[in-house]
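Notes for the one structure printed next.
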């Protein structure tokens, strides 16, 4: 059994004439949390969106190299990105629940995939909300609008919605940057629980968060992957002076 969710080989990416990523090589382990850190504009989110081919929705984007997901190159012209997106969930910076009930938010993906059985949908919604650590807070109000919840609760509903598609991987793009400290802590605790079931890749501008939640950390700078190692090593004994300078706050 392959122990990596992704193997990225010589990935280069351009927005039109501008090159945003240079020769990225990375093996992202399964059932671990991998944090991606670096200053604004260094290519973190671009790289993350490349992992489920969302970045290609931007006009003029060109990607070269290989991105192997479970051994298959997702950049191969014969690979269907729709298939990939059922297996790779995405949680964004700002909570973005649909203007529907909590139940409909979580059941949305399953319904698109053709699941109509009421008891199956109810079971999936409950399981997903439990895994997202919000079931006890919302179980008596599943038919009320998800947009009426607090920001932290909305973000956990979005995580439940991603989980309900039964993905292998959850991509998180600064998932707590719009949340208060208590909600941030809840989401961080949740990330630790979720890695039992999923590979999690999180972009964060918060280095303390990266050190708290992740097993591996990648440091990006100016579109290059400077260093990728165990989180403890990156934060205590980085191999590259640029990593040390960034972590100690000399720039960024």
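Coordinate-derived values only; no laboratory data. Quick caveat: nothing in here was measured; it's all calculated off a predicted structure. Virtual Cβ from ideal backbone geometry, glycine too; neighbours counted across all protein chains shown.
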Working from Cα positions, state the angle (0 to 90°, nearest 10) between the long axis of helix 118-131 and the longest principal axis of the chain. 50 degrees
Taking a ≥ b ≥ c as the square roots of the Cα gyration tensor eigenvalues, with a/c under 1.5 meaning rounded and otherwise prolate when a/b beats b/c or oblate if not, the stretch 86-148 comes out rounded
Zone residues, the stretch 136-173, relative to residue 117, backbone N less than 17 Å from point 7 Å out along Cα-to-Cβ: 165-166
Whole-Å semi-axes of the ellipsoid equivalent to the chain (Cα gyration tensor, √5λ, descending): 31, 22, 16
The helix 151-164 Cα axis meets the longest alpha-carbon principal axis of the chain at an angle in degrees, between 0 and 90 and rounded to 10, of 90 degrees
How long is the gain from residue 139 to residue 100 if the chain were fully straight, where each residue apart is worth 0.36 nm and the alpha carbon distance is subtracted? 12.5 nm
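222 nm [θ] for the chain, helices only, -39500 (n - 2.57) per DSSP H run of 4+, per residue, to 500? Show your work: numbers first, answer last.
Working: 10 runs with 91 residues, N = 252.
Helix contribution divided over all residues of the chain: -10000 deg cm²/dmol.
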Of the peptides 208-216, 168-176, 23-31, how do they stack up when ordered by the mean number of other Cβ atoms within 10 Å, highest first? 168-176, 208-216, 23-31
What is the P(r) of the stretch 21-70, as percent of Cα-Cα pairs per 5 Å bin from 0? 4, 16, 28, 29, 16, 5, 1
For helix 181-194, what angle does its Cα long axis make with the longest principal axis of the chain, in degrees from 0 to 90 and rounded to 10? 90 degrees
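If you restrict to DSSP beta bridges whose two residues both lie in the stretch 4-247, what percentage is antiparallel, to the nearest 5?
So the antiparallel bridges amount to about 60 percent of the total.
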Each label sits 7 Å from Cα toward the beta-carbon; between residue 108 and residue 78 the label points are separated, in nm, by 3.4 nm
